[in-house]
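Comments concern the structure below.
The values are calculated or read from the model by the stated rules, or taken from the named source; none is laboratory data. These numbers were taken from a predicted model, which means no experiment stands behind them. As a convention, Cβ positions derive from the backbone with ideal geometry for all residues, glycine included, and neighbour counts pool all protein chains shown.
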Amino acid sequence: MLLARMAAKKPTPPKSPSGSPPFATLGVKVVPGSRREEIVGWLGERLKVKVSAPPEDGRANEAVCRLIAATLGIGVRAVSVVSGHSRPEKTLRIEGVVPETLASRLGVADAGGSSR
């Protein structure tokens, strides 16, 4: 019984030196109402992201979080908008991802994000 419980436990993400789980921030430029959902590439310091959802009632924000989470292979709850909720330029917080691996996991050449 104890072995079954131990086997069912999910591994915990690595902790940062401060003891909190790692996270990265990512600046994005969102283009809502697009025909396709895709990560276009870098536009200055921000990652340009196209989503088909309209910019109404937070639907484009949710679509961006879903797209980034799916691309990184993490849960959608690990991605959140921390600033720019009603603007095309947003800052995302991505839990459980270290900034050093963000660019390669997103499939883009260079990450513009930062960490704490």
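Can you list residue pairs whose Cβ atoms sit under 6 Å apart, with the first residue in segment 62-87 being farther than 16 Å from residue 41 by Cα and touching a residue at least 12 places away in the same chain (Cβ under 8 Å) and the second being in a strand (DSSP E or B) and of a type in the set (D, E, K, R)? Count only pairs 6 or more apart in sequence or on different chains.
Close Cβ pairs (under 6 Å, with a partner that is in a strand (DSSP E or B) and of a type in the set (D, E, K, R)) amount to 78/95; 80/93; 81/90; 82/93.
Just for segment 75-99: of the residues that are modelled with pLDDT of 95 or more and assigned to a loop (DSSP other than H, G, I, E, B), which one is farthest from residue 58 (Cα to Cα)?
Per the stated criteria, the residue is 75.
Just a yes or no: is a residue in segment 24-35 loosely packed, with under 11 Cβ neighbours inside 10 Å and at pLDDT 95 or above?
Yes, there is a match, as at least one residue in segment 24-35 is loosely packed, with under 11 Cβ neighbours inside 10 Å and at pLDDT 95 or above.
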